[in-house]
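The values are calculated or read from the model by the stated rules, or taken from the named source; none is laboratory data. Remember, predicted model here, so these are calculated numbers, not experimental data. Every residue, glycine as well, gets a Cβ built from its backbone with ideal geometry; the counts of neighbours run over all protein chains shown. Only protein heavy atoms, including side chains, enter the accessible area calculation; ligands, DNA and RNA are left aside. Shrake-Rupley method; radii C 1.70, N 1.55, O 1.52, S 1.80 Å.
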Amino acid sequence: MTKSLPLSQRAQRTEEQPISYFIREAFENPRLISLAAGLVDAESLPTEEVRTVAESIFADPASARAAMQYGATQGYAPLRAKILDHVLALDSVHAKDLNLSADDVVVTTGSQQLLYLVGEVLIDPGDIVITEAPSYFVYQGALASFGARTLQIPMDDEGMQTDALEELLVQLERTGELARVKMIYTVDYFQNPTGLTLSLPRRRHLMELVRRFSKKQRIMILEDAAYRELRFDGPDVPSIKSLDPQNEYVILGMTFSKPFAPGLKTGYGVMPPELRESLLRFKGNHDFGSSNLNQHILDRMMSTGAYQRQGDRLRQVYRAKRDAMLAALAAEFPPISGVTWTKPDGGLYVWWSAPRDMQTGFGSPLIQAGLDEGVLYIPGELCYEKTPDVPTHEARLCFGVATPAQIGEAIRRLARAARAVGLPRLGMKAFAGCRG
Ligand code: PMP
């Protein structure tokens, strides 16, 4: 008889990421236009630029050997220095303003590894993490693995509602649970999944709250700014990190995946020294250093200006895709339909809300009708903690992968699917007023 495998408690808490389902569907159904996968635009990937830089590295035996050797656990020092300059330049500040040096930068295998390592450093089972509702579902899975109790704060057009956060913290203090609150996780630029950005007054309020409620111990903010560099419109907003002058409360996570190329799978964090020391011990356990070759490539990209040029190019490409999605949504879902959606100034996602009684989840008539029409989205409910009042009528639409023409077609298919399962049609008086 086969004996049972004694999986660790952490393994038992770890569920398959739902994204596997979406990737499978996309492969099995070639007619499908997937607005589900959060991949990036394929055409604009910087293949030529990376080839040129890789050739220049390999043309010189000494630089080739340096790049092909193991690197340091914390990351390639010249790259860390450039990352720090880059992050500071985004906020127009100097290292001394934020008590930072290149020692505070850690290069990771994608920003996903940074998020995971921060979880390992801070979270014991039963600890509380506060996130936005909805939130980045892949990290929700990781937090569940750690045994975190995740509490979610609603959002509006200005991002996380920090007044609601304040109420929650007051309540946790009253019930004696404040000491269990380890961190607040926010995707504060063009959030995955909603496309919403945290406003400056809310950023200030958030900082004020962590200072006020860090009584016996610090409550950390994990600022996941993965999409910051993909802004197409409007003025930039300062990072939360730039509001933390002593480098005490904020761990900033960023990535080369979105503004450059995910295939290099390189991200980074900027964080307080005590946290960094512990995080590096865990990184030693994981891999004692991310791909050295990729870091050498990125280092050259940053010094030649190719990194900046690629960002400029991507912003054009994604602006056109975002515009295609918003135009198609406006054409297909008139106000009478009761459908609403966010209008992000950057990033890769639009958050689509059907009338409350139209389910969007797995097994719902809408997702099935969408698959029959040949369109797929991420059901919004995946982005919430499993509580009884989870909204079940929303969807994440990614405009990163499909072409503008495909995006238009995908939205038309979504509209046909929605009408097939009962959404009011433009001008059909019989439906007028029956949905809010
Ligand atoms: N944070 C957010 C909000 C993301 O959407 C992603 C990727 N989808 C990541 C982090 C991780 O990306 P990577 O590991 O490629 O940097």
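About its Cα centre, what dipole magnitude does the chain give when the only charges are +1 on Lys and Arg Cβ and -1 on Asp and Glu Cβ, stated in debye to the nearest 20?
For this selection, approximately 420 debye.
Efficiency by 1/(1 + (r/R0)^6): what FRET value for residue 303 and residue 97, r their Cβ-Cβ distance, R0 = 30 Å, to the nearest 0.05?
It comes to 0.80.
Along the charge dipole of the chain, which of 401, 111, 1 sits closest to the positive end, that is, farthest toward it, with unit charges on the beta carbon of Lys, Arg, Asp and Glu (+1, +1, -1, -1)?
With unit charges placed on the Cβ atoms, the residue in question is 1.
Restrict the search to region 1-87; then list the chymotrypsin sites (Phe, Trp or Tyr not before Pro) that DSSP places in a loop and that have at most 14 other Cβ atoms within 10 Å of their Cβ.
70
Positive end of the dipole of region 266-355, charges at C-beta (+1 Lys, Arg; -1 Asp, Glu), about the Cα centre: which of 351, 338, 320 has its Cα farthest in that direction?
Final value for the positive-end residue is 320.
Report the calculated FRET efficiency for residue 48 and residue 175 (r = Cβ-Cβ distance, R0 = 60 Å), to the nearest 0.05.
After rounding, the FRET efficiency stands at 0.55.
Taking every pair of alpha-carbon atoms in region 137-212, give the share separated by more than 19 Å as a whole percent.
Here the tail beyond 19 Å accounts for 39 percent of pairs.
What angle, in degrees between 0 and 90 and rounded to the nearest 10, separates the Cα long axis of helix 137-146 from the longest principal axis of the Cα atoms of the chain?
60
Taking θ as phi - 60°, what are the ³J(HN,Hα) couplings along region 246-252 by the Karplus curve (6.51, -1.76, 1.60), each to the nearest whole Hz, with x for Gly and Pro?
Calculated HN-Hα couplings, in order: 9, 6, 10, 10, 10, 9, 9 Hz.
Which trypsin sites (Lys or Arg not before Pro) in region 360-414 sit in a loop by DSSP (not H, G, I, E or B) and have at most 15 other Cβ atoms within 10 Å of their own Cβ?
Passing sites in region 360-414 are 386.
Within region 85-231, what whole-number % of the accessible surface is contributed by carbon and sulfur, with the 1.4 Å probe and all protein chains included in the calculation?
49
Return the carbon/sulfur percentage of the accessible area of region 323-421, one whole number, probe 1.4 Å, all protein chains in place.
54
Restricting everything to alpha-carbon atoms, can you work out Rg to Rh for region 241-298 with a Kirkwood hydrodynamic radius?
In region 241-298, Rg relative to Rh is 1.02.
If a/c stays under 1.5 just call it rounded; otherwise compare a/b with b/c (prolate if a/b is bigger, oblate if not). Do that for region 53-133, with a ≥ b ≥ c from the square roots of the Cα gyration tensor eigenvalues.
oblate
Between the DSSP loop rule and a limit of at most 16 other Cβ atoms within 10 Å, which chymotrypsin sites (Phe, Trp or Tyr not before Pro) in region 225-317 are left?
288
If I compute solvent accessible area with a 1.4 Å probe over the protein chains, what percent of it on region 36-84 is carbon and sulfur?
62
What list of ³J(HN,Hα) values in whole Hz, one per residue of region 189-206 in order, does the Karplus curve 6.51 cos²θ - 1.76 cosθ + 1.60 (θ = phi - 60°) give from phi, with Gly and Pro shown as x?
10, 6, 3, 8, x, 8, x, 7, 10, 6, 6, 4, x, 5, 4, 5, 4, 4
Could you give the accessible area per residue of region 234-324, probe 1.4 Å, as a whole number in Å²?
I get 37 Å² per residue for region 234-324.
Between residue 157 and residue 385, how high is the FRET efficiency from 1/(1 + (r/R0)^6) when r is the Cβ-Cβ distance and R₀ = 22 Å? Nearest 0.05.
0.50
Does anyone have the angle between helix 19-28 and the longest principal axis of the chain? Alpha-carbon axes, 0 to 90°, nearest 10?
Between the helix axis and the principal axis of the chain, the angle is about 60 degrees.
Report, in degrees rounded to the nearest 10, the 0 to 90 angle that the Cα long axis of helix 273-286 makes with the longest principal axis of the chain.
With rounding to tens, the tilt is 80 degrees.
Taking the square root of 5 times each eigenvalue of the Cα gyration tensor, what semi-axes in Å does the equivalent ellipsoid of region 1-138 have, largest first?
Ellipsoid half-lengths, sorted descending, are 34, 26, 21 Å.
What number does region 308-391 give for Rg over Rh if you use C-alpha atoms and the Kirkwood radius?
1.03
At q = 0.09, 0.11, 0.13, 0.14 Å⁻¹, what log₁₀ I(q)/I(0) does the chain have when each alpha carbon counts as one equal point scatterer in the Debye sum?
Results for the chain at q = 0.09, 0.11, 0.13, 0.14 Å⁻¹ read -0.60, -0.90, -1.22, -1.38.
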